[in-house]
1. From the residues in the stretch 183-202 that are among the β-branched types (Val, Ile, Thr), assigned to a helix (DSSP H, G or I) and touching a helix residue (DSSP H, G or I) at 6+ places or on another chain (Cβ under 7 Å), which one is farthest from ALA158 (Cα to Cα)?
2. Is it the case, given these coordinates, that GLY247 is of a type in the set (Gly, Ala, Ser), assigned to a helix (DSSP H, G or I) and surrounded by 14 or more Cβ atoms within 10 Å (Cβ to Cβ)?
3. Taking into account only those residues within the stretch 19-30 that are farther than 14 Å from VAL142 by Cα and either among the aliphatic types (A, V, I, L, M) or surrounded by 12 or more Cβ atoms within 10 Å (Cβ to Cβ) (or both), which is nearest to the chain's Cα centre (by Cα)?
4. Which count do you get for residues in the stretch 118-141 that are part of a helix (DSSP H, G or I) and more than 23 Å from CYS30 (Cβ to Cβ)?
5. Could you list all residues from the stretch 214-241 that are of a type in the set (D, E, K, R) and either in contact with a Leu (Cβ under 6 Å, 6 or more places away or on another chain) or part of a helix (DSSP H, G or I) (or both)?
6. Go through the stretch 153-200 and give me each residue that's in contact with a Phe, Trp or Tyr (Cβ under 9 Å, 6 or more places away or on another chain) and among the hydrophobic types (A, V, I, L, M, F, W, C).
7. From the residues in the stretch 67-84 that are assigned to a helix (DSSP H, G or I) and of a type in the set (Gly, Ala, Ser), which one is nearest to PHE161 (Cα to Cα)?
8. Within the stretch 173-194, does at least one residue satisfy the condition of being touching a residue at least 40 places away in the same chain (Cβ under 8 Å), in contact with a Ser or Thr (Cβ under 8 Å, 6 or more places away or on another chain) and over 25 Å from LEU64 (Cβ atoms)?
Amino acid sequence: MKRTLTGPLRWAGERLAGIGAGTRFFLRLCGQGVLSVRRPRLVIDQIHFIGNYSLSIILVSGLLIGFVLGLQGYNTLRRYGSEEALGLLVTLSLVRELGPVVTALLFAGRAGTSLTAEVGLMKAGEQIDAMEMMAVDPVERVLAPRFLAAVICMPLLAALFSSMGVLGGYLVGVESIGVDPGAFWSQMQDGVDWVDDVGNGVVKSVVFGFTVAFVALFVGYQADATPEGVARATTTTVVVASLAVLGLDFILTALMFS
């Protein structure tokens with residue numbers, strides 16, 4: 001007589017099975033992602049779709065975040081007579097934390113949901129099944145180019161976000177409030193290290209790109225082939241990807257800046 005698990009044991013078994021399936025999918029996706037460079041046109045099209053269409057929200061958000069950092073940073077530094085360090089405060093806040101993290105959250109909400117919905121609709125329309133029937137690997141043909149494109153786009157978008165944030169801090173601090181422009185730029189140049197600050201921020205953005213792309217594609221690929229299943233999958237992508245980004249940010253910050 002076959003015994004079936006119930007209660008907590010069944011829940012634990014399902015979670016372990018999900019972790020195993022996700023691990024196999026991630027390894028397969030990474031392997032096919034490297035091989036997808038043999039079809040650069042597919043990757044370039046996805047870079048345009050993922051990166052170019054996410055550019056407006058990244059740039060505008062970066063500028064507005066810079067405005068807020070410039071205003072709040074000035075009010076804080078003025079208490080200690082250190083208004084000249086505004087450029088350093090804004091830049092370190094952006095390249096270390098806010099640039100990679102906020103970009104990843106926006107990327108998950110804009111591009112991640114789009115990838116999940118696209119793959120989920122292909123599955124609901126039986127296009128994935130049709131590829132498998134024709135001996136075409138859907139991971140290689142559909143998912144891997146999107147995965148590689150997302151990993152490439154994420155550091156570029158994070159760099160643009162940080163650049164716009166610095167510009168926003170400059171406009172508020174120098175042009176509006178009246179901080180000395182020479183002190184703003186010199187403090188920033190002297191205090192920001194290319195390896196410890198900028199380099200670690202780039203590493204964070206790459207890790208977040210891997211995370212968001214994997215979650216979006218895995219959830220879309222595992223979605224139920226129904227409109228309700230695709231809708232649930234897009235919501236799951238935003239929630240899981242956002243929590244994963246914030247959790248990884250804590251771990252990476254502890255490792256890099258402890």
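1. Applying the first criterion (among the β-branched types (Val, Ile, Thr)) to the stretch 183-202 yields 192, 195, 198, 202.
With assigned to a helix (DSSP H, G or I) added as a condition, the list becomes 195, 198, 202.
Going one step further and asking which of them are touching a helix residue (DSSP H, G or I) at 6+ places or on another chain (Cβ under 7 Å), we end up with 198, 202.
Values: VAL198: 11, VAL202: 8 Å.
Only one residue fits best here, namely VAL198.
2. Values: of a type in the set (Gly, Ala, Ser): yes; assigned to a helix (DSSP H, G or I): yes; surrounded by 14 or more Cβ atoms within 10 Å (Cβ to Cβ): no.
Against the criterion (of a type in the set (Gly, Ala, Ser), assigned to a helix (DSSP H, G or I) and surrounded by 14 or more Cβ atoms within 10 Å (Cβ to Cβ)), GLY247 does not qualify.
3. So in the stretch 19-30, the residues farther than 14 Å from VAL142 by Cα come out as 19-24, 26-27.
If we keep only those that are either among the aliphatic types (A, V, I, L, M) or surrounded by 12 or more Cβ atoms within 10 Å (Cβ to Cβ) (or both) as well, we get 19, 21-22, 26-27.
Working: ILE19: 21, ALA21: 22, GLY22: 18, PHE26: 16, LEU27: 19 Å.
Looking at the filtered set, the residue picked out is PHE26.
4. Residues of the stretch 118-141 part of a helix (DSSP H, G or I): 118-124, 127-133, 138-141.
From what's left, more than 23 Å from CYS30 (Cβ to Cβ): 121, 124, 127, 129-130, 133.
Looking only at that region, the number is 6.
5. Step one: filter the stretch 214-241 for residues of a type in the set (D, E, K, R), giving 224, 228, 232.
Those that are of a type in the set (D, E, K, R) and either in contact with a Leu (Cβ under 6 Å, 6 or more places away or on another chain) or part of a helix (DSSP H, G or I) (or both): GLU228, ARG232.
6. The answer is CYS153, MET154, LEU157, ALA158, LEU171, VAL172, VAL174, ILE177, VAL179, PHE184, TRP185.
7. First pass over the stretch 67-84, keeping only residues assigned to a helix (DSSP H, G or I): 67-78, 83-84.
Subset that is of a type in the set (Gly, Ala, Ser): 70, 73.
Working: GLY70: 15, GLY73: 18 Å.
In this case the residue turns out to be GLY70.
8. No, the conditions are met nowhere in the stretch 173-194.
The values are calculated or read from the model by the stated rules, or taken from the named source; none is laboratory data. Since the model is a prediction, treat every value here as computed from it, not as a measurement. With ideal geometry, Cβ positions are generated from the backbone for all residues, glycine too; neighbour counts draw on all protein chains shown.
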